[in-house]
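The values are calculated or read from the model by the stated rules, or taken from the named source; none is laboratory data. The shown structure was predicted, so the numbers you read here are calculated from the model rather than taken from an experiment. All Cβ positions, even for glycine, are placed from backbone atoms using ideal geometry, and neighbour counts span all protein chains on display.
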């Protein structure tokens, strides 16, 4: 059984090996640190992987932008100097993504061709990189269509077992596309992600709750899922 499936995540106290601990600097609140250990470091690591191929000012698109990982991608990418295109659905998520710093928002439910829409928004350039933080094959196919020449698609969200996406190898060859995967980051990635928060470049959107509230929070979260989570 994978260790991730063991009980104890929401315990008030737990025992861990010292080598797995990360020191938290003064000046960062507990509330801001919590999301860094999962959603934020996942977003940060995905962005680190595209740095060899993307320069400040380039367009970067995030699919599932209104979810936890996607929202942090917007903030970190903005801090790195990229122009962000948020892809999700719903007026509320559109407003939220723009509040976080996205230049454009594309509602995949109202746009018949997301790739063509992004092409128009960027003056024909499309995205230099696309980060997929939504677990469906449609999201990955949308991502390929949003890539410009020599663009990089980063696979972040894990679809259900057996789910596959379709793309044209011929198009990838002629366009010079790269497809790479990214998982949760290392302890060093966590330290770097925390530093962005410490310097005020990124601000996690959090609210306090008790362990007794978890069932209600989880129910509300899953009932409101869109293209991202």
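Counting residues in the range 26-33 that are more than 30 Å from residue 148 (Cβ to Cβ) and buried (at least 16 other Cβ atoms within 10 Å of the Cβ) gives one or more.
Scoring residue 190 on the criteria (1) at pLDDT 95 or above; (2) surrounded by 12 or more Cβ atoms within 10 Å (Cβ to Cβ) leaves a single failure, condition (1).
Under 9 Å between Cβ atoms, which residue pairs at least 6 apart in sequence (or on different chains) link something in the range 46-58 that is at positive phi with a partner that is at pLDDT 95 or above? Cβ pairs passing all conditions: 57/81; 57/82; 57/83. Counting only helices (runs of 4 or more DSSP H) that fall entirely inside the range 84-172 and contain at least 3 residues that are modelled with pLDDT under 95, farther than 16 Å from residue 54 by Cα and over 17 Å from the mean Cα position of the chain (by Cα), no element qualifies. Number of residues in the range 73-130 that are touching a strand residue (DSSP E or B) at 6+ places or on another chain (Cβ under 7 Å), closer than 21 Å to residue 35 by Cα and surrounded by fewer than 24 Cβ atoms within 10 Å (Cβ to Cβ) equals 3.
Here the condition is being surrounded by 15 or more Cβ atoms within 10 Å (Cβ to Cβ) and in contact (Cβ under 8 Å) with a residue 24 or more places away in the chain; of 178, 166, it holds for 178 alone. Per this entry, residue 202 is counted among residues that are over 18 Å from residue 88 (Cβ atoms), modelled with pLDDT of 90 or more, part of a loop (DSSP other than H, G, I, E, B) and under 15 Å from the mean Cα position of the chain (by Cα).
A Cβ distance below 9 Å, combined with a sequence gap of six or more or placement on separate chains, defines the contacts here; from the range 17-31, residues that are more than 11 Å from residue 197 (Cα to Cα) reach residues that are assigned to a loop (DSSP other than H, G, I, E, B) in the pairs 30/24; 31/204; 31/206; 31/207; 31/208.
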